[in-house]
1. Spelling out what I want: for every residue of the range 47-52, take phi, set θ = phi - 60°, compute 6.51 cos²θ - 1.76 cosθ + 1.60 (Karplus), and round to whole Hz; glycine and proline get x.
2. Fully extended, how many nm does the chain gain between Asp11 and Lys122 (0.36 nm per residue separation, minus their Cα-Cα distance)?
3. Using the Karplus curve 6.51 cos²θ - 1.76 cosθ + 1.60 with θ = phi - 60°, what ³J(HN,Hα) values do you get for each residue of the range 37-46, in whole Hz, with x for Gly and Pro?
4. Tell me, what HN-Hα J-couplings in whole Hz come from the Karplus equation 6.51 cos²θ - 1.76 cosθ + 1.60 at θ = phi - 60° for each residue of the range 82-93, using x for Gly and Pro?
5. Compute the FRET efficiency between Ala101 and Glu35 as 1/(1 + (r/R0)^6), taking r as their Cβ-Cβ distance and R0 = 35 Å, and round to the nearest 0.05.
6. Give me the distance between the Cα centres of the range 16-32 and the range 33-102, rounded to whole Å.
7. In units of 2.2 N^0.38 Å, what is the alpha-carbon radius of gyration of the range 89-134?
8. For a protection proxy built on the mean count of beta-carbon atoms within 10 angstrom, sort 7-15, 57-65 highest first, please.
Amino acid sequence: MSFVTCDLCDDHPDDVRVCEPMFGSFGGREAFGGEIVTVKCHEDNSRVKELLATPGKGKVLVVDGGGSMRCALMGDMIGESAVQQGWEGVIIYGCVRDVDALAQLDLGVHAVAAIPLKSVRKGVGETGLDITFGGVTFVQGQYVYADNNGVIVAAKKLV
């Protein structure tokens, strides 16, 4: 998949919603996009781990971690699982860890920051919800595209 989010914004001005700039790129794939799968969790990556261990070809997991800066919601082991299952990428409104290992994976990873502390798994979190952060609502089944310019969302497939 080859695209530049700037061009998608220019070509589809009435179709895209642009997320506020808040993410850094931590994965080995600079540009990624696909069908949105949502999870909402706070300082518990149980659902993130579960979802990324299922087939994800053509999909991007969008995680509403509440913007927590206290622990990571994904690291290298969950990232490797996502690659094995064919996921295009992960966007996390929260933190990641194992950033050097994540940078080696064929996976797009956007997150707010990095922190070395892992989350505690209590089996808490909801999937399939509409989630909102960065001024954008991410709807499961719609599409998200991300690169070093930012993150955009559209109701229809653009690429």
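Throughout, read-outs are computed from the coordinates displayed, never taken from laboratory work. These numbers come from a predicted model, not from an experiment. Here Cβ is always computed from backbone atoms with ideal geometry, including for glycine, and neighbour counts include all displayed protein chains.
1. 5, 4, 4, 4, 5, 6
2. Working: separation 111, 0.36 × 111 = 39.96 nm, distance 4.37 nm.
The span from Asp11 to Lys122 would gain 35.6 nm if fully extended.
3. With the stated coefficients, the range 37-46 comes to 10, 10, 9, 10, 8, 10, 6, 8, 9, 3 Hz.
4. 4, 5, 4, 8, x, 4, 7, x, 9, 10, 10, 7
5. On the way: r = 26 Å, r/R0 = 0.74.
After rounding to 0.05, the efficiency reads 0.85.
6. Here the two parts' Cα centres lie 13 Å apart.
7. On the way: Rg = 12.2 Å, N = 46, 2.2 N^0.38 = 9.4 Å.
Against the empirical 2.2 N^0.38 Å value, I get 1.30 for the range 89-134.
8. Values: 7-15: 12.6, 57-65: 23.0.
In descending order of packing, they fall as 57-65, 7-15.
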